[in-house]
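Here is the structure we will look at.
Here, each number is a calculation from the coordinates, and none is a lab measurement. Computed from a predicted structure; not experimentally measured. Cβ coordinates were reconstructed from backbone atoms using ideal geometry, including for glycine residues, and neighbour counts include every protein chain displayed.
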Amino acid sequence: MSTNAVPLANGAMSFDRVCREWRCKYTGDKATSESLEAISKLVDEYLPQIKATSSDATVNRLVCGGCLDFKLMTTVPLDDFGPWEEKGFAPEAEFLEKLKAIEGVSQVETQTITNMVI
């Protein structure tokens, strides 16, 4: 366990990285979806800002063609999470506003979770 790690489950688990997830539903077939294409362009536009949240940020993109889920997960060290949270997870508000404006996008949501490689 890292010296900065927070214990969970009576010490059976711990975390020292926290993830902010932005997710939505898109429409169409994953191979030809115009809404998914527009989401991809939005991610490309904001990726440099997202990665700048921490020098140790990792960004993962998840796409499910069966349930039409799109998820963008930004994971940062615990020490960097608080300052990012205090800034409203920038550029979250602006990104989500543009995401909601994409035709075919629905159920735009966010979640804060731990994310550890084990």
Review point. Per residue and in cubic angstrom, what volume does the convex hull of the Cα atoms of region 1-68 have?
Key: 119
Check your understanding: Just one of (1) 35.3, 110; (2) 34.4, 97; (3) 15.5, 47 is Rg and Dmax of the Cα atoms in Å calculated from these coordinates, so which is it?
Key -> (3)
**Study point:** Over region 50-108, relative contact order from alpha-carbon pairs under 8 Å, at least 6 apart, %
**Key:** 26
Revision key, fill the gap. The relative contact order of the chain, taking Cα pairs under 8 Å that sit 6 or more residues apart, comes to a percentage of 39
Practice item. Evaluate E = 1/(1 + (r/R0)^6) for N60 and S106, where r is the Cβ-Cβ distance and R0 equals 25 Å; express this FRET efficiency to the nearest 0.05. Key: 0.70
Practice item. Working from Cα positions, state the angle (0 to 90°, nearest 10) between the long axis of helix 34-51 and the longest principal axis of the chain. Key: 30
Check your understanding: Counting only pairs 8 or more places apart or on different chains, how many lysine pairs in the chain have C-alpha atoms closer than 14 Å?
Key -> 6
Check your understanding: At S40 and N10, where each label point lies 7 Å from the Cα along Cα→Cβ, what is the point-to-point distance in nanometres?
Key -> 4.8
Revision key, fill the gap. Per GNM of the chain with C-alpha springs under 10 angstrom, the most fluctuating residue out of P91, P77, P48 is P48
Exercise for review: With a Förster radius of 41 Å, plug the Cβ-Cβ distance of A93 and D29 into 1/(1 + (r/R0)^6) and report the FRET value to the nearest 0.05.
Suggested key: 0.85
